[in-house]
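Have a look at the structure below, then the notes.
Computed from the coordinates by the stated procedures, all read-outs in this text should not be read as laboratory data. Being a predicted model, the structure only gives us computed values, none of them experimental. Here the Cβ positions follow ideal geometry from the backbone for every residue, glycine too, while neighbour counts run over all protein chains shown.
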Amino acid sequence: MSFERLAERLILHVLTDRDWSRGRDMLTVARAALAGGATVIQLRDKYANTRDLVTEGLALRALTKEYGALLIVNDRIDVALAIDADGAHVGQEDMPVGSARQLLGHERILGVSVGSLDEARLAVEGGADYLGVGPIYATRAKADAGAPIGLALLRELAPLYTPPLIAIGGITAANTHEVRQAGAAGIAVITAIVNAEDITAATQDIFKQLY
Ligand SMILES: Cc1ncc(COP(=O)(O)OP(=O)(O)O)c(N)n1
Ligand SMILES: Cc1ncsc1CCOP(=O)(O)O
Ligand SMILES: [Mg+2]
């Protein structure tokens, strides 16, 4: 897939998160987000054991196929392979990018979190298909995310590298436009979508700001 086509398909990631879903189950949340325009569901479950993660993943695999959306697994390359996900996402404390790429192969998408120029360079050299850049703004959904980095890194990276930049951290309908203007090909969202009372409407509101 070309980077341009990939960028289109990666425009709106919704990350699952039990803590912020108001007690609604993951499939209900994901279905509502897909109905509102999510193009990627990232399975992100910090509590489930491996067996449950695979079960959740298989259900999300069927659902994302129904909507023609991508499924990315957070942290776990083995689970991504087991459920035939479209790809996996690793951060700076997860599997190193080179090893992740080796295990995942070249047919699946590999996303890597970066918060600095150096991390971005290493991620690109290691074969990342997209970069998760953040936290752009303050976030409630990741306690160890560190201080917000603002828009400067997006502006620096956009002219340097071809893999799409996906902005994450505190993204809402109100700041989506400025994030895109700064160079983000797409955005990744937790609370502004999964914590919304009407998930589909919240996703639609954000989706509209992307174009
Ligand atoms: C698209 C995207 N970008 C960044 C992250 C964060 O990954 P990581 O730093 O490994 O943190 P956790 O999500 O694992 O808590 C992401 N998941 N997705
Ligand atoms: C997983 C992650 N990585 C950096 S910030 C963040 C949390 C994003 O959640 P929210 O969209 O609610 O700020
Ligand atoms: Mg991680």
Self-check item: Total residues in the range 52-76, condition part of a helix (DSSP H, G or I) and either among the aliphatic types (A, V, I, L, M) or within 14 Å of ligand 1 (Cβ to nearest atom) (or both)
Solution: 7
Quiz item: Got at least one residue in the range 89-101 being among the small types (Gly, Ala, Ser), touching a helix residue (DSSP H, G or I) at 6+ places or on another chain (Cβ under 7 Å) and in contact (Cβ under 8 Å) with a residue 40 or more places away in the chain?
Solution: no
Practice problem: Kindly check whether there is at least one residue in the range 77-89 that is surrounded by 19 or more Cβ atoms within 10 Å (Cβ to Cβ), part of a loop (DSSP other than H, G, I, E, B) and within 16 Å of ligand 2 (Cβ to nearest atom). | Solution: no
Practice problem: Would you mind telling me which numbered condition in (1) without any contact (Cβ under 8 Å) to a residue 24 or more places away in the chain; (2) within 16 Å of ligand 3 (Cβ to nearest atom) Ala62 fails? | Solution: (2)
Quiz item: Within the bounds of the range 128-140, is there any residue that is touching a residue at least 12 places away in the same chain (Cβ under 8 Å), more than 16 Å from the chain's Cα centre (by Cα), surrounded by fewer than 22 Cβ atoms within 10 Å (Cβ to Cβ) and closer than 30 Å to Leu104 by Cα?
Solution: no
Practice problem: Collect the residues in the range 14-41 that are under 16 Å from the mean Cα position of the chain (by Cα) and either among the hydroxyl-bearing types (Ser, Thr, Tyr) or not in a helix (DSSP H, G or I) (or both), keeping them in residue-number order. | Solution: Val14, Leu15, Thr16, Asp17, Gly37, Ala38, Thr39, Val40, Ile41
